[in-house]
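Presented below is the structure to which this report refers.
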Amino acid sequence: MARASGVSTISNGGDGVIRFPLSPSSSLVIQKGDITRWFVDGSTDAIVNPANERMLGGGGADGAIHRAAGPDLLQACYNVPEVRPGVRCPTGEARITPGFNLPASHVIHTVGPIYNADSNPQASLRSAYRNCLIVAKDNNIQYIAFTAISCGVYGYPYDEAATIAISTVKEFRTDFKEVHFVLFLPDLYNEWLNKANEVLKD
Ligand code: AR6
């Protein structure tokens, strides 16, 4: 099992589940796995969907989340008003819907930057994480789980994405009981653990 070092961590004995304290009342949890199966209490928990601006499903995690949530999620997405033709959620923003058949109670949809097409991918990625956390707070979410936004189809380099993801979560260190990263790929999981050790050491 991967081991974190450098900051105080607790493993709960699960498969690669590593916990980093963010504050006396809040933890960052990094784990391997499938985000569609993640939940904590089914009422104050949310998973983050790395969507596209249309917000009507797609491939990658977005496709998996829609399949697991069922057709009501697509209907709820249609009901999110367009801000301009074909755009329900501009890059860097976030929208919330129920989770329907998912074990988690809510889905927060966000759109990360397409790394090679965005004029400032760092700012857009930070904005995506930040707006998810703001929307979560506004909806009394206590537990939130992210994938690695933009690190699949959208081509964001893992190293830079991990630094932005973890440093943005750190800004909200007292606002949630737990912030999770549920990572499918071993390379991403290892990158996130390394960066959590670096970014959370002071
Ligand atoms: N659980 C956890 N992580 C997953 C899962 C899963 N079930 N499935 C994929 N990942 P991506 P993006 C990881 O491509 O780069 C869609 O078509 C995956 O390994 O889902 O933001 C949307 O509709 C990767 O590390 O999102 C958009 O058009 C991470 O999730 C576009 O892709 C994100 O990869 C968004 O691209």
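A short reminder: the numbers here are calculations on the coordinates, not readings from a lab. Note that the coordinates shown come from a computational prediction; the quantities given were computed from them, not determined experimentally. Neighbour counts run over all protein chains shown; Cβ positions are idealised from the backbone, glycine included.
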Original post:
Over the stretch 2-199, what is the relative contact order in whole percent, taking alpha-carbon pairs under 8 Å and six or more residues apart?
Top reply: 27 percent
**OP:** Step through the residues of the stretch 55-61 one at a time and calculate ³J(HN,Hα) from phi using the Karplus curve (6.51 cos²θ - 1.76 cosθ + 1.60, θ = phi - 60°), rounding each to whole Hz and writing x for Gly and Pro.
**Re:** 6, 10, x, x, x, x, 5
Subject >> q = 0.08, 0.10, 0.17 Å⁻¹, the chain: log10 I(q)/I(0) [Debye, one scatterer per Cα] >> reply: -0.23, -0.37, -1.12
Original post:
What ranking, highest mean first, results for peptides 116-122, 142-148, 55-61 when packing means the other Cβ atoms within 10 Å averaged over each residue?
Top reply: 142-148, 55-61, 116-122
**OP:** Count the net charge of all other residues whose Cβ sits under 9 Å from the Cβ of residue 40, scoring Lys and Arg as +1 and Asp and Glu as -1.
**Re:** -2
Original post:
Once you sort the root eigenvalues of the Cα gyration tensor of the stretch 90-178 as a ≥ b ≥ c, which label holds: rounded (a/c under 1.5), prolate (a/b larger than b/c) or oblate (the other case)?
Top reply: prolate
Original post:
Hey, what did the stretch 32-107 get for relative contact order, percent, Cα under 8 Å, at least 6 apart?
Top reply: 43 percent
**OP:** Please give the length that would be gained between residue 198 and residue 23 if that part of the chain were fully extended, namely 0.36 nm times their separation in residues minus their C-alpha to C-alpha distance (nm, one decimal).
**Re:** 61.4 nm
Subject >> Amide H contacts under 5 Å for residue 87, placed H, 5+ residues apart >> reply: none
Subject >> C-alpha center-to-center spacing [the stretch 26-48, the stretch 137-202] in angstrom >> reply: 12 Å
**OP:** Mind listing the long-range amide H neighbours of residue 26? Cut-off is under 5 Å, sequence gap 5 or more, other chains count too, H placed in the peptide plane at 1.01 Å from N.
**Re:** none
**OP:** Work out how much length residue 174 to residue 137 would gain on full extension: take 0.36 nm times their residue separation and subtract the Cα-Cα distance, in nm to one decimal.
**Re:** 12.2 nm
Subject >> Choice from 74, 102, 28 with maximal GNM fluctuation in the chain (Cα, 10 Å cutoff) >> reply: 74
Original post:
residue 142: net charge of surrounding residues, Cβ under 11 Å, Lys/Arg +1, Asp/Glu -1, itself excluded?
Top reply: -2
